[in-house]
Amino acid sequence: MPERCHGAVILLLFGMCVNALGAFVGVNLGTDVSNLPSASGIVAILKTHRITHLRLYNADSQLLKALANSSIEVIVGVTNEEVLRIGESPAAAAAWVNKNVAAYLPGTNITAIAVGSEVLTAIPHVGPVLVPAMYSLHKALVAANLNDLIKVSTPQSMDLIPRPFPPSTATFNASWNSTISQLLQFLKNTKSYYMLNAYPYYGYTTENGIFPLDYALFRSLPAVKQIVDPNTLFHYNSMFDAMVDATYYSIDTFKFSGIPIVVTETGWPWFGGANEPDATIQNAGTYISNLIRRVSNDSGPPSQPTTPINTYLYELFNEDKRPGPISEKNWGILFPNGSAVYPLGLISGRSTGNSSAVYCVAKDGADEDKLEDGLNWACGQGGANCAAIQRGRPCFLPNNITNHASYAYNDYYQKSRSAGGTCDFDGTAMLTTIDPSHGSCIFTGSANSRGGGGFSPEAAMGPSGLLPGASSKLQVSSFQLLILFIFSWALRF
């Protein structure tokens with residue numbers, strides 16, 4: 001385990017700042033990525049960002065070799081295509097363990113095998129052999145004397161629980177009762193854990209406004225909007241906690257206890273199509289920052305307060321080759337060059353260092369026509385230096401009206417506030433103490449500013465060109481990242 005971090009504000013992004021009990025935040029690595037770095041390049045990126053826990057969806061030989069002597073704890077994956085064969089053949093299971101696990105030990109720190117991905121809901125015809133596959137893999141580990149080092153489990157979707165709220169009445173889909181009972185018995189017998197894929201993004205976007213966005217993003221709710229389980233009177237401060245607790249209660253209906261839950265996938269897309277308005281960089285950054293704060297307090301959900309929720313973010317890179325809606329391709333927290341999609345606090349090497357600084361940024365959800373008017377005024381009559389948000393400049397990407405307006409608003413505000421300039425812009429702006437600088441885009445007033453507001457020698461971090469679906473109607477278009485440096489969040493609370 002990493003040693004205890006000194007000071008509550010040292011909250012880095014992934015598995016590094018945890019207490020002695022070991023709560024961590026790791027990351028998933030999908031590979032449907034254009035320009036995917038080499039295996040050694042990926043490991044270098046993981047080390048740079050101090051990521052200590054990694055989940056693979058397969059058992060890629062090049063990655064497993066490159067991970068040797070890195071100390072990174074690795075979950076290797078049996079693909080959905082492999083589950084049926086392994087479930088029907090103990091010999092196939094033994095061969096899989098020998099080839100994909102034993103061959104890389106002890107150099108590569110493999111700690112678990114994830115058998116399939118959401119098998120019961122994604123490929124239900126394979127469900128009957130899922131637990132037999134797990135038993136066969138475990139027996140192969142026992143034969144190799146590896147069962148104490150490596151656990152076997154299987155990630156399941158929240159879709160397996162049809163009605164997760166209130167958590168106290170949640171149950172698994174009854175059609176899978178036999179399989180789930182066998183699964184839980186296996187986890188109990190082998191001292192393993194339940195792997196849960198929990199996505200408040202989908203819980204929020206598919207419930208047609210039943211729950212507020214703040215609840216999905218870990219933001220505090222006013223007293224009149226508190227989410228309370230009417231049976232237990234437990235207060236749920238986040239949808240994430242409610243999902244985890246719903247799973248604990250579902251397990252409890254089978255009379256099993258002492259099986260911890262590890263969240264093997266959670267995240268928030270940072271870009272989406274016109275019909276996906278909640279897939280924004282601001283929401284993604286808020287979700288990830290608050291998730292890390294929540295996991296790092298080393299507590300469990302209301303029904304299991306002393307059981308930490310170890311969690312893996314989905315995902316390291318955008319899987320731009322995946323089919324489906326635009327948001328499906330934009331869950332990554334890093335670009336393939338290792339730079340952050342949105343600010344990641346101390347892991348990106350920039351703490352705010354200027355806790356008294358105040359920035360003027362556009363409000364999330366502000367009227368776009370008003371933002372356009374405000375942007376044009378700031379860059380014109382207001383005298384803001386908007387060169388940094390031109391195409392090819394450090395603050396051009398990502399390209400949308402809210403974020404470009406933020407840069408312009410802030411530049412105007414920093415230069416004019418001593419003479420009475422305000423941060424309003426027809427109600428579309430607000431003040432924040434969170435430094436919105438990102439990558440090589442430095443906002444005026446930042447402790448890292450060189451005085452020019454936005455320029456630095458480094459190339460802009462991230463892909464070039466207009467983002468899919470982004471607006472191009474403005475001469476001076478848009479972007480600023482109103483995302484929370486984790487350091488700043490820790491100070492704020």
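Couple of notes before you dig in:
- Size of charge dipole - region 25-334 - debye, nearest 20, with Cβ of Lys, Arg +1 and Asp, Glu -1, no other charges: 640
- Share, in percent, of DSSP beta bridges within region 25-334 that are antiparallel, nearest 5: 5
- Environment charge of P132, counting only residues whose C-beta is closer than 14 Å and scoring Lys/Arg +1, Asp/Glu -1: 0
- Carbon + sulfur, % of accessible area of region 25-334 - ligands and nucleic acids excluded, 1.4 Å: 51
- Computed over region 359-432, the ratio Rg/Rh where both radii use C-alpha atoms and Rh is Kirkwood: 0.93
- In region 75-157, the alpha-carbon atoms span a convex hull of 73 Å³ per residue.
- Solvent-accessible area per residue in region 200-251 equals 46 Å², computed with a 1.4 angstrom probe and all protein chains kept.
- Per-peptide average of other Cβ atoms within 10 Å, ordering 296-302, 254-260, 171-177 highest first: 296-302, 171-177, 254-260
- Cα centroid separation, region 366-403 to region 153-225 (Å): 41
- Each peptide among 50-57, 99-106 gets the average number of other Cβ atoms lying within 10 Å of its residues, and from highest to lowest they stand as 50-57, 99-106.
- Extension gain, N337 back to R391 (0.36 nm per residue minus Cα-Cα distance, nm): 17.5 nm
- Relative contact order (percent, whole number), region 359-432, Cα cutoff 8 Å, 6+ residue spacing: 48
- Computed from backbone phi with θ = phi - 60° and the Karplus coefficients 6.51, -1.76 and 1.60, the 3J(HN,Hα) list for region 57-63 is 8, 9, 10, 4, 5, 5, 5 Hz; x is used for glycine and proline.
- Given R0 = 25 Å, the distance between the Cβ atoms of A44 and R322 translates into a calculated FRET efficiency of 0.55.
- Amide H contacts of K151 (H built 1.01 Å from N, in plane; Pro and chain starts excluded): A112, I113 sit under 5 Å, all sequence-distant by 5 or more or on other chains.
- Contact order for region 25-334, expressed relative to its length and based on alpha carbon pairs under 8 Å spaced 6+ residues apart, stands at 18 percent.
- Charged neighbours of T171, selected by a Cβ distance under 10 Å, balance to 0 (K, R count +1; D, E count -1).
- Extending 7 Å from the Cα toward the beta-carbon at both T79 and N231 defines two label points whose distance is 4.1 nm.
- The fraction of accessible area contributed by carbon and sulfur in region 359-432 is 42 percent, rounded to a whole number (1.4 Å probe; ligands and nucleic acids excluded).
- Placing unit charges on the Cβ atoms of the charged side chains and taking the dipole of region 359-432 about its Cα centre, the candidate lying farthest along the positive direction among G392, L431, L375 is G392.
- Once the 1.4 Å probe is applied to the protein heavy atoms, region 359-432 comes out at 42 Å² accessible per residue.
- Computed from point charges on the beta carbon alone (+1 for Lys and Arg, -1 for Asp and Glu), the dipole magnitude for region 359-432 about its Cα centre is near 400 Debye.
The values are calculated or read from the model by the stated rules, or taken from the named source; none is laboratory data. Every value quoted in this text rests on a predicted model; they were computed, and no experiment measured them. Glycine also receives a Cβ, built like all others from the backbone with ideal geometry; neighbour counts cover every protein chain displayed. The area values use the complete protein model at the heavy-atom level, side chains included, leaving out ligands, DNA and RNA. Shrake-Rupley method; radii C 1.70, N 1.55, O 1.52, S 1.80 Å.
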